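Trainee: Here you go, one structure.
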Amino acid sequence: MSTPPNTRRIVTSHNEDGQACIQIDSKQQWHDIPSLGAKVATIYIIEDGLPTKDNNSSIDGAERELDPNNLNLLPKGPGANTGATLLCPGGVTPMHRSSSQDYNILVEGELILMMEDGSETHIKTPGDVVVMKGGLHAWKNPSTTNWAHWVTVLVSAEPVEVDGQPLSVMSV
């Protein structure tokens, strides 16, 4: 029987100065579920959210409007957005922060996650996951020949607070 992929779970946070940084960079921990013939890995659990009622709607969620005040990444009001990103060879996004908690899953290629504190984390195994908790960050595709492709699930969140002050949504 083959072994599970050696994928990583990268979780961001903020340091004592309020700068976005990497909190956890570890291998995903796979657990057997013999009754299903499967292995599962918990990536991140939120316990304080409200469940959606969207399971009973026939509206195409991809047609809903996004909030221009939150970088057009999230719906107006509480909710979530699942999207895919392609970044060209050598491409770099601007540094940005949204009021959300994001689950970024690498599908193909490689990425470098650049954080506000100056750290850079190389993500190169399909299935690696970055949990972005409202941090100021950018993405860079280090390849000169291949596109980077990742899927992101963005969940509305309260803004990060430092010394009682909320950090603003931004793109620089």
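Trainee: Might you tell me the accessible area per residue for the chain, computed with a 1.4 Å probe and given in Å²?
Mentor: With all protein chains present, the chain gives 61 Å² per residue.
Trainee: Determine which lysines satisfy two conditions relative to Lys76: a Cα distance under 25 Å, and not lying fewer than 8 residues away in the same chain.
Mentor: Lys53, Lys133
Trainee: Let me ask something else about it. Which far-off residues, 5 or more places away or on another chain, put their amide H under 5 Å from the one on Ile123, with H placed in the peptide plane?
Mentor: Amide H to amide H, under 5 Å and 5 or more residues apart or across chains, Ile123 pairs with Leu111, Ile112, Leu113.
Trainee: While we're here: Could you give the size of the charge dipole of the chain about its Cα centre, using +1 on the Cβ of each K and R and -1 on the Cβ of each D and E, expressed in debye and rounded to the nearest 20?
Mentor: 500 debye
Trainee: Taking amide hydrogens as modeled 1.01 Å from N in the peptide plane, which residues meet the under 5 Å criterion relative to Arg8, leaving out close sequence neighbours?
Mentor: Gln28, Asp128, Val129
Trainee: If contacts are Cα pairs under 8 angstrom and at least 6 residues apart, what is the relative contact order of the chain in percent?
Mentor: 28 percent
Trainee: Right, next: Taking amide hydrogens as modeled 1.01 Å from N in the peptide plane, which residues meet the under 5 Å criterion relative to Glu116, leaving out close sequence neighbours?
Mentor: Ala20, Leu136
Trainee: Then there is this: Could you check how much of the accessible area of the chain is carbon and sulfur, as a whole percent, using a 1.4 Å probe?
Mentor: 52 percent
Trainee: With each pseudo-label sitting 7 Å past Cα toward Cβ, what's the Glu65-Gln165 distance in nm, one decimal?
Mentor: 3.2 nm
Trainee: With springs connecting C-alpha atoms under 10 Å apart, model the chain as a Gaussian network and identify which of Gly134, Gly90, Gly109 has the largest mean-square fluctuation.
Mentor: Gly90
Trainee: Rounded to whole Hz and in sequence order, give me ³J(HN,Hα) for the stretch 113-122 from the Karplus expression 6.51 cos²θ - 1.76 cosθ + 1.60, θ = phi - 60°, writing x for Gly and Pro.
Mentor: 8, 10, 9, 4, 7, x, 6, 10, 10, 8
Trainee: Give me a comma-separated list of calculated 3J(HN,Hα) values for the stretch 93-103, in order, Karplus coefficients 6.51, -1.76, 1.60 applied at θ = phi - 60°, integers in Hz, x for any Gly or Pro.
Mentor: Listing the rounded values in order: 7, x, 4, 7, 8, 10, 7, 7, 10, 10, 10 Hz.
The values are calculated or read from the model by the stated rules, or taken from the named source; none is laboratory data. Every value quoted in this text rests on a predicted model; they were computed, and no experiment measured them. Don't worry about glycine lacking a Cβ; one is built from the backbone with ideal geometry, like all the others, and counts go over all protein chains shown. Accessible surface is based on the protein model in full, side chains and every heavy atom, while ligands, DNA and RNA are left aside. Shrake-Rupley method; radii C 1.70, N 1.55, O 1.52, S 1.80 Å.
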